[in-house]
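As C-alpha cells, the structure follows; a few thoughts come after it.
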Amino acid sequence: MNTPQAFVRSFHVIDSDHGMRASLAMKIAGWGGHAEIYDTLDELIAAQPAAGAILIAVPDGDTSWLTEALYRAQVFLPVIVFTDQPDPAQIVRAAHGGIADYLVAPFSDEDLMAAYDYSQRFMERNRGALLRRQQAQRRVAELTDRERQVLTCLLDGHSNKSIAKLLELSPRTIEDYRLNALRKLGVASTSAAIRIGIEAELASISAMPTDEAARARALS
C-alpha cells in the first residue's frame, strides 16, 4: 500500500542579503517547509526549478521586469515578492503583471504560508494561459527580425501597403515576409498569426518607446 506523501511548502528564496536569505530559510524550515536559496534571479533561472513558489526580495518595490524575465527563461512558477517599503501603485501594477502575492516585511509565518497556498491556486487558475503564452513565444522566436516586425505591424491593424510605407520596403517584399511568418507560425491566416502574436505578448510598433520603434523601422 502506497503511503501518501506529506504536503511540503517549497520556496525558492532570492535575496542578495545573505543574512536575510538564511533567516527566511530557517523560518520556512521551522514550520516544516523547504527552501532553496539564491543570491540573484539569474542563479534561479540557471537552476530551472519546476515546482514550488518563488519568494523574492524587491527592495524598491518595482516588479515590472520580473515576470517578463521569468517568461523569457521559461520558468513558470508563481512569484511572491516582498519589500519593507510598499508603494500602493506598485502593488497594483504587480498584480496586473502576474505577481501572485505581495508581502510587506516583516511578515509572519502565517502570512507566508497563506501567500504560498494562494500562489498555488493562482498558478492553477493561470496555467492554461501561461502554457499558451509559452507555446506562442516559442513560435514567435522562430521568426526573423523582419518577419517579427511585420507581425507587430499586423497587430496594429496595418495593411501590407501601410507596412511597406512604415518599413520603407515594397509591398511585395512585405507579402513575402507575411507568408513566411504564417508558415513558421504554422497557421493559414493573418488573423491566426495575430492571435499568436497577442498570446506571445508581442509589443506592437505603436506601443514601443520612440527610440526602440525607430530602430525597428530602420532595421534592414
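The values are calculated or read from the model by the stated rules, or taken from the named source; none is laboratory data. Computed from a predicted model, the values in this text were never measured in an experiment. Quick reminder, even Gly has a Cβ in these numbers, built from the backbone with ideal geometry, and neighbours come from all protein chains shown.
So is GLN137 over 29 Å from VAL79 (Cα atoms) and under 22 Å from the mean Cα position of the chain (by Cα) or not?
Values: over 29 Å from VAL79 (Cα atoms): no; under 22 Å from the mean Cα position of the chain (by Cα): yes.
Against the criterion (over 29 Å from VAL79 (Cα atoms) and under 22 Å from the mean Cα position of the chain (by Cα)), GLN137 does not qualify.
Let me confirm something: among ILE99, ILE91, which residue is surrounded by 14 or more Cβ atoms within 10 Å (Cβ to Cβ) and out of contact with any helix residue (DSSP H, G or I) (no Cβ under 8 Å at 6 or more places or on another chain)?
ILE91
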Handout entry: Selection count, segment 3-24, where residues are assigned to a helix (DSSP H, G or I) and crowded, with 18+ Cβ neighbours inside 10 Å
Key = 2
Exercise for the section: Give the number of residues within segment 25-63 that are surrounded by 12 or more Cβ atoms within 10 Å (Cβ to Cβ) and modelled with pLDDT under 90. Expected result: 4
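Regarding segment 83-104, can at least one residue be identified that is among the aromatic types (Phe, Trp, Tyr) and touching a Leu at 6+ places or on another chain (Cβ under 8 Å)? Before the answer, list the steps.
Initial filter on segment 83-104 (among the aromatic types (Phe, Trp, Tyr)): 102.
Keeping just the survivors that are touching a Leu at 6+ places or on another chain (Cβ under 8 Å) gives none.
No, there is no match, as no residue in segment 83-104 is among the aromatic types (Phe, Trp, Tyr) and touching a Leu at 6+ places or on another chain (Cβ under 8 Å).
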Practice task
Could you tell me which numbered condition LEU66 fails, if it satisfies all but one of (1) closer than 23 Å to ARG138 by Cβ; (2) within 16 Å of the chain's Cα centre (by Cα); (3) surrounded by fewer than 16 Cβ atoms within 10 Å (Cβ to Cβ)?
Solution key: (3)
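Do the conditions hold for TYR71, that is, is it at pLDDT 85 or above, more than 18 Å from ARG21 (Cβ to Cβ) and among the aromatic types (Phe, Trp, Tyr)? First the steps, then the outcome.
Values: at pLDDT 85 or above: no; more than 18 Å from ARG21 (Cβ to Cβ): yes; among the aromatic types (Phe, Trp, Tyr): yes.
Taking the combined requirement at face value, the residue does not satisfy it.
Would you list the helices (runs of 4 or more DSSP H) that sit entirely within segment 120-205 and hold 3 or more residues that are of a type in the set (Lys, Arg) and modelled with pLDDT of 90 or more? Even if it seems obvious, please write down each step before you answer.
Working: elements: 145-155, 160-167, 171-185, 190-199.
Passing ranges, in order: 171-185.
Charged (D, E, K, R) and within 19 Å of the chain's Cα centre (by Cα): does that describe ARG172?
Numbers: charged (D, E, K, R): yes; within 19 Å of the chain's Cα centre (by Cα): no.
Criteria not met by ARG172.
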Completion exercise
From the option list LEU155, LEU130, single residue qualifying as assigned by TED's automatic domain parsing to the domain that holds ALA50, within 24 Å of the chain's Cα centre (by Cα) and under 25 Å from ALA73 (Cα atoms) is LEU130
Problem - Residue that is surrounded by the most Cβ atoms within 10 Å (Cβ to Cβ), among those in segment 102-127 that are under 22 Å from the mean Cα position of the chain (by Cα) and acidic (Asp, Glu) - result: ASP117
Handout entry: Boolean, ARG146 is closer than 19 Å to VAL75 by Cα and either in contact with a helix residue (DSSP H, G or I) (Cβ under 7 Å, 6 or more places away or on another chain) or surrounded by fewer than 18 Cβ atoms within 10 Å (Cβ to Cβ) (or both)
Key = no
Handout entry: Positions within segment 62-97 being of a type in the set (A, V, I, L, M, F, W, C) and either more than 23 Å from ASP42 (Cα to Cα) or not assigned by TED's automatic domain parsing to the domain that holds ALA47 (or both), in sequence order
Key = ALA89, ILE91, VAL92
